[in-house]
Each structure stands twice: as structure tokens, then as C-alpha cells.
Amino acid sequence: MQGEVPVDVNGVPHGQPVLDSLVALLDLERIEENIFRGVSPASSTIRVFGGQVAGQALVAAGRTVPEERRVHSLHAYFIRPGDPSIPIVYEVDRTRDGRSFTTRRVVAVQRGKTIFSLSASFQIDEDGIDHAEPMPEVPAPESLPTFGERLGESLSKLGPTQPRPIDVRYVTEPPWVSRENGPREARNQVWMRADGALAVPDDHLLHVCIAAFASDMTLLDAPLARHGVYWGLDDVVGASLDHAMWFHRRFRADEWFLYDCASPSASGGRGLATGRFFSQDGQLVATVVQEGLLRVNG
């Protein structure tokens, strides 16, 4: 990150320099026609963040597709933990180029082993029937405390917090607070946006990849809320297992969107969570489904 980096009230870096670092992270190096290389931030934890590898894999797929074809869905599996200390190689299989749809498969490789796989479908713009569920009634994002303000005194209990390229404002009570009162509804609502301005406003792929990155940040909070536990404060072991997204309408990742998450089921050491992205004007722009490993001990 270049220049002076703003910090939140809890001292965690955020804002435009941190967002610029995320954009640089998504700008993969092309090694061969269908092979790309990505890296992880120097501040990474012991394993690569799932949203990062999903966003980078989608960039790799999109770099082999004509610009007029926009991604409308992705389906991914997290196979092995990624090592943030070494580069990740992304190999793209140009599965099909049809008249309306383009399909790509991507595998992410470290030390000769696949750590992640993704299938993505792209489509030309077409007219058709149009309807969507309405956005829940929630407070405006500007009226809500910042993520740092919400953390407050809990920061010392939760441990080190990474630089935040995504501005997150909790609508529902944060799960590290609600756990003090025990189990509650399996729901988690936050406003999100890229914490700064994206230099190329019409780069559809970049906006979608940043949304994919953000979608892995708070999704599994919903099943944890149902049981009154939270990462770092209870004996919880978790990881993303698979992840799917459908992109319904155009949006900008540097404008507010509501991420409405719920968990219909948890069993067998796994939790299922669904999420809906709504633009601030109420349009449903994306849907997310993820199953995660959730082992709660004690």
C-alpha cells in the first residue's frame, strides 16, 4: 500500500489504499495463454482467504472470455487450504464457446496440487422476463456504526484484524455481541461496499470479482448466530467447502449493497448459508449459497 493509509477507530487500515491493494491482487500475471499466477497479501493469516482465491479464479476465467459476455454464475469447491506464502497458479480450461453462453473451468494449484476449482458461465446481454423479491426494510448504511466502532472492546478478544478493503456496516446485532444473549435467529444482515472508488467504473468483471471476495466475509455468521457462538470467542473450527453465486443485474461494488444472509440448516459438522445482494435502490443483484465446515466443540 502506497502513501498514508487511513485507520479505523480500532487502528485497522482501511480506505482507498487498502482497496487499491485488493484491485492489484486481482490483477493476475499471465504466464501462458490459459495460465495465470496470483499472490496473497503480505498480511495474510495462516491460509489463503476463500474470497481471494474465488475472486482471482474468476478473473482468470474472465480474461479468456470476450468483454461483451458477462459472468452470470459461478460454482466452486475449496479443496485444500491455500498457503499465502507462495504464488497460486490458475489453469483455465476453455470448455465451450457457444452463440450466447461461454463456459470456463479453472483450477488453482500450489505445489502441484489443486487447492480450489471453479466453473463459471458467461452470457451475452439478452432481454427476457423480469421479476425479483423485494429488499427487506433496513436502516440506511450511513446511519450505522463502522465495523471498527462495532468491534469496540471485543477487538482484544477476537485477535488481530486484517486490513479491510470492504466497508461493512452491521444491520443485525454483530454475532460477537449477540452471543452474549445466547442463540438467536439464523440471520445476518450487513451493508457492504468497496471502501473507495474503483478506477475503471465500467469494468464489470472487476465489480463482480470484488463482490465474490466480499461474499465470503460474513456468510457463515448466520449459522453461528443460531447457536450463539462466534469465531475466536468459542471453540469453533470452520472453513468454506463450496460456494455458488448467480449475478442477476448490473451493479457497482463501490456503491452500497445489502447482504442479507440466512441459514436454513446445519448438520453433520456443516452449515448451509444463503445470501442475497440488494443494491441501495432495492434491486436484487446477486444470490449466494455456501456450505461450510462448522465444528463447534464444548
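The values are calculated or read from the model by the stated rules, or taken from the named source; none is laboratory data. Keep in mind it's a predicted model, so treat the numbers as computed, not measured. In this analysis, Cβ positions are derived from the backbone assuming ideal geometry, glycine residues included, and neighbour counts consider all displayed protein chains. Surface accessibility is based on the protein's heavy atoms, side chains included, excluding ligands, DNA and RNA. Shrake-Rupley method; radii C 1.70, N 1.55, O 1.52, S 1.80 Å.
Label the stretch 212-282 by shape, choosing from rounded, prolate and oblate, from the square roots a ≥ b ≥ c of the eigenvalues of the Cα gyration tensor; if a/c is under 1.5 it is rounded, and otherwise prolate applies when a/b is larger than b/c, oblate when it is not. The shape class here is prolate. For Val12, no residue has an amide H sitting under 5 Å from its own, ignoring neighbours fewer than 5 places away on the same chain, with H placed 1.01 Å from N. As a fraction of the 1.4 Å probe accessible area of the stretch 168-298, surface on carbon and sulfur atoms comes out at 49 percent. Among 63-71, 246-254, sorting by the average number of other beta carbon atoms lying within 10 angstrom of each residue, highest first, gives 246-254, 63-71.
Given an 8 Å cut-off on Cα distances and at least 6 residues of separation, report the relative contact order of the chain as a percent. With pairs under 8 Å counted, the relative contact order is 18 percent.
Here the peptides 28-37, 131-140, 187-196, 82-91 are ranked by packing, the mean other Cβ count within 10 Å, and the order with the highest first is 187-196, 82-91, 28-37, 131-140. Full extension of the segment from Val138 to Arg30, taken as 0.36 nm per residue of separation minus the current Cα-Cα distance, would add 34.6 nm. Each residue of the stretch 225-230 is assigned a 3J(HN,Hα), and the resulting list reads 4, 4, 10, x, 10, 7 Hz, derived from the Karplus form 6.51 cos²θ - 1.76 cosθ + 1.60 (θ = phi - 60°), x at Gly and Pro.
The mean accessible area for residues of the chain, using a 1.4 Å probe and ignoring ligands and nucleic acids, is 48 Å² per residue. Protection proxy ranking for 212-220, 286-294, 227-235, using the average of other Cβ atoms within 10 Å per residue and placing the highest first: 212-220, 286-294, 227-235. Considering only alpha-carbon pairs that sit under 8 angstrom and 6 or more positions apart, the relative contact order computed for the stretch 15-61 is 38 percent. Placing a pseudo-label 7 Å from each Cα along the Cα-to-Cβ vector at Arg295 and Arg70 gives an inter-label distance of 4.2 nm. Indicate the gyration tensor shape class of the chain (rounded, prolate or oblate), computed on the Cα atoms with a ≥ b ≥ c the square roots of the eigenvalues: a/c under 1.5 is rounded; otherwise a/b larger than b/c is prolate and the rest oblate. The shape class here is rounded. The residue list Val200, Thr146, Leu74 was ranked by how far each Cα lies along the charge dipole of the chain toward its positive end, using unit charges on Cβ atoms, and Leu74 comes out on top.
Computing FRET efficiency as 1/(1 + (r/R0)^6) for Arg63 and Arg184, where r is the C-beta to C-beta distance and R0 is 45 Å, gives about 0.60. Net charge dipole, the stretch 198-298: roughly 260 debye, given to the nearest 20, about the Cα centre with Cβ charges of +1 for Lys and Arg and -1 for Asp and Glu. Were the residues from Asp281 through Thr161 laid out at 0.36 nm apart, the gain over their Cα-Cα distance would be 40.1 nm. Dipole orientation for the chain: of the candidates Gly98, Leu293, Ala120, Leu293 has the Cα lying most toward the positive pole (charges on Cβ; Lys, Arg +1; Asp, Glu -1). Charged side chains reduced to their Cβ positions (Lys and Arg at +1, Asp and Glu at -1) give the chain a dipole of some 1040 debye around its Cα centre. Entry note, the stretch 155-298: relative contact order of 26 percent, from Cα contacts under 8 Å with a spacing of 6+ residues. Between Arg250 and Arg47, the contour length at 0.36 nm per residue exceeds the alpha carbon distance by 69.9 nm. Rounded to the nearest 20, the size of the Cβ-charge dipole of the stretch 1-123 about its Cα centre is 620 debye, with Lys and Arg at +1 and Asp and Glu at -1. Projecting the Cα atoms of Ser267, Gln283, Phe251 onto the charge dipole of the stretch 243-298 (Cβ charges, centred on the Cα centre) puts Ser267 farthest toward the positive pole.
Shape analysis of the stretch 40-163 places it in the oblate category; the axes a ≥ b ≥ c from the Cα gyration tensor give an a/c of at least 1.5, with a/b not above b/c.
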